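Engineer: Sharing a structure here in structure tokens format.
The values are calculated or read from the model by the stated rules, or taken from the named source; none is laboratory data. Everything quoted here is computed from the prediction, not taken from an experiment. When we count neighbours, we look across all protein chains shown, and the Cβ atoms used for this are built from the backbone with ideal geometry, even at glycine.
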């Protein structure tokens, strides 16, 4: 033989090619995971701005509340506009306080309990606002790798069927199919890892802000309790 060259098979293993040649089921899974990844980052960016605004609002309110300004004046200022977080808790308590006095009733029985109740309701609404869509992050973080693994298993099964049909087990034939299958797991991890990190971070942030709200509610309840004792 005069150095006759053997035919070689060059497999295209670029990411676009891996996606394009994957089985339609694997493609659907990949697209779904990519959509989840985009959704995760959209939620994360929204939450980062939301929690930053909430922290600044709490800082401003606490500064105004403890500055010595009249509580009635602060209430009139805040009740004239929509409020959230600590300010909403304060407005709800003051509204119940003033409603009891405007009724000209001389009985303050149960007033303390009603004030604490409205503040608890306000805190629960605020926690619900802060927690909104965190379940999406938890779901993607926990289910993403398994969905990607399902795509990998399906892709490997399809690849083995192609190998059996072609009766060729060379690496050039086997590698692209396996790579396509593993690509689904990689996308699942790309979606799941940030989702898990953001979920843990945001859950910790919600807990910190909840503790600040509950701490203020306890302090303000004690202040109003002293006022009730002075009036009875």
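Engineer: Consider residue 66 carefully, then state whether it is under 30 Å from residue 187 (Cβ atoms) and surrounded by fewer than 18 Cβ atoms within 10 Å (Cβ to Cβ). Quick ask: steps written out before the conclusion?
Structural biologist: Values: under 30 Å from residue 187 (Cβ atoms): no; surrounded by fewer than 18 Cβ atoms within 10 Å (Cβ to Cβ): yes.
Against the criterion (under 30 Å from residue 187 (Cβ atoms) and surrounded by fewer than 18 Cβ atoms within 10 Å (Cβ to Cβ)), residue 66 does not qualify.
Engineer: In contact with a helix residue (DSSP H, G or I) (Cβ under 7 Å, 6 or more places away or on another chain) and either outside any helix (DSSP H, G or I) or farther than 30 Å from residue 88 by Cβ (or both), is that true of residue 162? Reasoning before the result, please.
Structural biologist: Details: in contact with a helix residue (DSSP H, G or I) (Cβ under 7 Å, 6 or more places away or on another chain): yes; either outside any helix (DSSP H, G or I) or farther than 30 Å from residue 88 by Cβ (or both): yes.
Yes, satisfied.
Engineer: Between 60, 56, which is closer than 21 Å to residue 203 by Cβ, in a helix (DSSP H, G or I) and within 30 Å of the chain's Cα centre (by Cα)?
Structural biologist: 56
Engineer: Output the residue which, of all residues in the stretch 153-162 that are surrounded by fewer than 16 Cβ atoms within 10 Å (Cβ to Cβ) and free of Cβ contacts under 8 Å to residues at least 24 places away in the same chain, is nearest to residue 218 (Cα to Cα). Talk me through it step by step, then tell me what you get.
Structural biologist: Taking the stretch 153-162 and keeping what is surrounded by fewer than 16 Cβ atoms within 10 Å (Cβ to Cβ), we get 153, 157, 160-162.
Then keep just the ones that are free of Cβ contacts under 8 Å to residues at least 24 places away in the same chain; that gives 157, 160-162.
On the way: 157: 61, 160: 65, 161: 67, 162: 68 Å.
For the stretch 153-162, the residue satisfying everything is 157.
Engineer: Tell me the residue from 197, 187, 178 that is over 30 Å from residue 114 (Cβ atoms) and modelled with pLDDT of 95 or more, please. Outline the logic, then answer.
Structural biologist: Values: 187 fails: modelled with pLDDT of 95 or more; 178 fails: modelled with pLDDT of 95 or more.
Going through 197, 187, 178 in turn, the sole match is 197.
Engineer: From the list 150, 90, 101, 146, exactly one residue is touching a residue at least 24 places away in the same chain (Cβ under 8 Å), surrounded by fewer than 14 Cβ atoms within 10 Å (Cβ to Cβ), in a helix (DSSP H, G or I) and more than 18 Å from the chain's Cα centre (by Cα). Which is it?
Structural biologist: Details: 150 fails: surrounded by fewer than 14 Cβ atoms within 10 Å (Cβ to Cβ); 90 fails: surrounded by fewer than 14 Cβ atoms within 10 Å (Cβ to Cβ); 101 fails: touching a residue at least 24 places away in the same chain (Cβ under 8 Å).
Exactly one of 150, 90, 101, 146 is touching a residue at least 24 places away in the same chain (Cβ under 8 Å), surrounded by fewer than 14 Cβ atoms within 10 Å (Cβ to Cβ), in a helix (DSSP H, G or I) and more than 18 Å from the chain's Cα centre (by Cα), namely 146.
Engineer: Mind checking whether some residue in the stretch 75-82 is modelled with pLDDT of 90 or more and either surrounded by fewer than 14 Cβ atoms within 10 Å (Cβ to Cβ) or in contact with a strand residue (DSSP E or B) (Cβ under 8 Å, 6 or more places away or on another chain) (or both)?
Structural biologist: No, the stretch 75-82 contains no residue that is modelled with pLDDT of 90 or more and either surrounded by fewer than 14 Cβ atoms within 10 Å (Cβ to Cβ) or in contact with a strand residue (DSSP E or B) (Cβ under 8 Å, 6 or more places away or on another chain) (or both).
Engineer: Select, from 25, 13, the only residue that is surrounded by fewer than 18 Cβ atoms within 10 Å (Cβ to Cβ), at pLDDT below 90, closer than 18 Å to residue 152 by Cβ and more than 32 Å from the chain's Cα centre (by Cα).
Structural biologist: Working: 25 fails: more than 32 Å from the chain's Cα centre (by Cα).
From the options 25, 13, the qualifying one is 13.
Engineer: Taking the condition surrounded by fewer than 16 Cβ atoms within 10 Å (Cβ to Cβ), in contact with a helix residue (DSSP H, G or I) (Cβ under 9 Å, 6 or more places away or on another chain), free of Cβ contacts under 8 Å to residues at least 40 places away in the same chain and closer than 22 Å to residue 120 by Cα, does residue 60 pass? Show your work before the answer.
Structural biologist: Values: surrounded by fewer than 16 Cβ atoms within 10 Å (Cβ to Cβ): yes; in contact with a helix residue (DSSP H, G or I) (Cβ under 9 Å, 6 or more places away or on another chain): yes; free of Cβ contacts under 8 Å to residues at least 40 places away in the same chain: yes; closer than 22 Å to residue 120 by Cα: yes.
In short, yes.
Engineer: Go through the stretch 123-138 and count every residue that is touching a residue at least 40 places away in the same chain (Cβ under 8 Å) and part of a helix (DSSP H, G or I). Give the steps one after another, and end with the answer.
Structural biologist: The initial filter retains those residues of the stretch 123-138 that are touching a residue at least 40 places away in the same chain (Cβ under 8 Å), namely 123, 126-127, 129-131, 133-134, 136-138.
Subsequent filtering for residues that are part of a helix (DSSP H, G or I) retains 123, 126-127, 129-131, 134, 136-138.
Summing the residues that are touching a residue at least 40 places away in the same chain (Cβ under 8 Å) and part of a helix (DSSP H, G or I) in the stretch 123-138 gives 10.
Engineer: Quick one: count up the residues across the stretch 46-56 that are farther than 19 Å from residue 120 by Cα and surrounded by 12 or more Cβ atoms within 10 Å (Cβ to Cβ). Please lay out each step first, then the result.
Structural biologist: At the first step, the residues of the stretch 46-56 found to be farther than 19 Å from residue 120 by Cα are 46-53, 55-56.
Next, from what is left, pick out any that are surrounded by 12 or more Cβ atoms within 10 Å (Cβ to Cβ): 46-48, 50-51, 53, 55.
Going through the stretch 46-56 one residue at a time, the tally reaches 7.
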